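Structure first, then comments.
A short reminder: the numbers here are calculations on the coordinates, not readings from a lab. Everything numeric here is computed off the predicted structure, so don't read it as measured data. Here the Cβ positions follow ideal geometry from the backbone for every residue, glycine too, while neighbour counts run over all protein chains shown.
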Amino acid sequence: MLILAKSILGLMLGFFIAIVIGWFLIPMLKKLKCGQNISEYTAFAHASKNGTPTIGGLIFIIPTILAMFILYLRGSLEITHSLLIVLFVFISYAALGFVDDYLKIKQHNNKGLSIVQKLLVQVLIALIFFLIYMKGGGDANVTITSLGISINMGWVYGLFILFLLVGSSNAVNLTDGLDGLAGGLSLIAFLSFGIITWGTSWVEGYQEIAIFCFILVGSILGFLVYNTHPAKVFMGDTGSLALGATLAAVAILTKHELSLAVIGGIFVIEALSSIIQIYSIRKFNKKVFLMAPIHHHFEKLGWKETDIVKMFWIVGFMLGMVAIYYGVWL
C-alpha cells in the first residue's frame, strides 16, 4: 500500500503545483506574445482561437519535475536507472518541442523545425536511450506474455525504440487539435500505465516509474483546468511530443509495448487516419475522410467540439481499462 500512498501524494503535488504554475505562466505567455497561429487548414472551426498562448506544456512539465524533486528530498523516491531514462526522454522531447514552438512563434507561422531536423534529434535521443538501457542490464527482447512469445531483436531493438518514440510522440501531436483532447487522453493513458506499472515488480525501479506516472497525471489534470474548452492555453509541441515519447518509454521499460497500442488506441487511430488520407489523396486523388486527423472529420460532420472530446475520452478510458485487465490480471 505504500506505493499507492506515494502515488496519490505525487498526484496531488503535481495537481496543485500545476494550478499555481498555470496561474502565473499564462499571463506571462500572453505578455510575451507567445500566441498560436491557427492554420488556414482548421480556420473553418477554430479561427477564434488564433493568438491563444501556446507552450502550455510547461504547465505540466515543470510541476512534474518539481514534484519528483520534492518527493526525493523527503525520501519518498529513489533515483533509479529506469527513472533516469524516463526523465531523459521526458525532458529531451519537451526541449525539442519547445524549440519547435519557439521557432513557430518567432517566424509567425506553423513551420518550426524541419522534418529532417526533428528526425535527427529523435534518432539521437533513441540511440542514447538504447545505450543507457542496455548498459543498465536491459534486454533486447519483445515479449508477449499471454502468448508465451519472446523475440530477441539484438541491435534492431534500437530501431524499435526509435519507431515507438517517433510514432507515439507524433500521434499525440496529431491528436492535439481540440481543447482538452490530447491532454485528457494522455491523463487516461498515464493513469492506466501507472496502475499497470504497480504490478511490474520484475522491473528495476518500477515503483519510481509508477509514481512518476501518477505525478504526471496530477500535473496534466492541473493543466486541463486551463486547457478544456474554451482553452486559455495550448500545450504546443512542447507538451505533446514529451507526452507521446514518455508514454512509449514507460511501455518499453515495463515490457508492455503491446499495451501501448491499446491504451493509446485513439492516438493510433488519429495517426492512421492522417496516413490513410495522405496516401489516398496522393495515390487515388480522393479523400477517405472529410478532413484528417479524424477529429476534424467529426467537426466537418457538424459535431460540437466538446462532444467529440467527450466521446474520445470515453473510448480512451474504456481502452485503458481493457489494457489494465490485460496487463495486470490476464
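Observations on the structure shown:
- Placing pseudo-labels 7 Å out from each Cα toward the beta carbon at residue 119 and residue 152 gives an inter-label distance of 3.2 nm.
- Note on 308, 132, 263, 79: ascending count of other Cβ atoms within 10 Å places them as 79, 132, 308, 263, the fewest first.
- Rounded FRET efficiency, nearest 0.05, which uses the C-beta distance separating residue 73 from residue 315 and R0 of 41 Å: 0.55
- Net length available on complete extension from residue 276 to residue 228 is 14.4 nm, with 0.36 nm assigned per residue and the Cα-Cα distance removed.
- Fewest-first sequence of 213, 34 by Cβ atoms within 10 Å of each Cβ: 34, 213
- Tail beyond 23 Å, pair distance distribution of the chain (Cα, percent): 57
- The peptide list 151-160, 119-128, put in order of mean Cβ contacts within 10 Å with the highest first, becomes 119-128, 151-160.
- Cα convex hull volume per residue for the stretch 65-114 (Å³): 72
- Taking the chain as a Gaussian network of alpha-carbon nodes connected by springs under 10 Å, the highest mean-square fluctuation of the residues 173, 227, 141 belongs to 141.
- Normalising the average separation of contacting C-alpha pairs (under 8 angstrom, six or more residues apart) by the number of residues puts the relative contact order of the chain at 27 percent.
- Two-decimal ratio, the stretch 62-221, of alpha-carbon radius of gyration to 2.2 N^0.38 Å: 1.12
- Dipole of the chain, positive end: most advanced residue of 109, 215, 269 [Cβ charges, Cα centre]: 109
- Out-of-range pairs (alpha-carbon distance over 20 Å; input 49/304; 49/232; 49/111; 118/283; 118/232; 104/300): 118/283; 118/232; 104/300
- The stretch 199-244: translational diffusion in µm²/s, Stokes-Einstein, Kirkwood Rh over Cα pairs, 20 °C, 1.002 mPa s: 174
- Ordering of 234-243, 175-184 by packing is 234-243, 175-184, highest average first (other Cβ atoms within 10 Å, averaged per residue).
- A straight line joining the Cα centroids of the stretch 222-290 and the stretch 119-195 runs 13 Å.
- Candidates 284, 69, 24: whichever shows maximal mean-square fluctuation once the chain is modelled as a Gaussian network with Cα springs under 10 Å: 284
- Cα-only Debye scattering, the stretch 226-287: base-10 log of I(q)/I(0) at q = 0.13, 0.19, 0.29 Å⁻¹: -0.55, -0.89, -1.08
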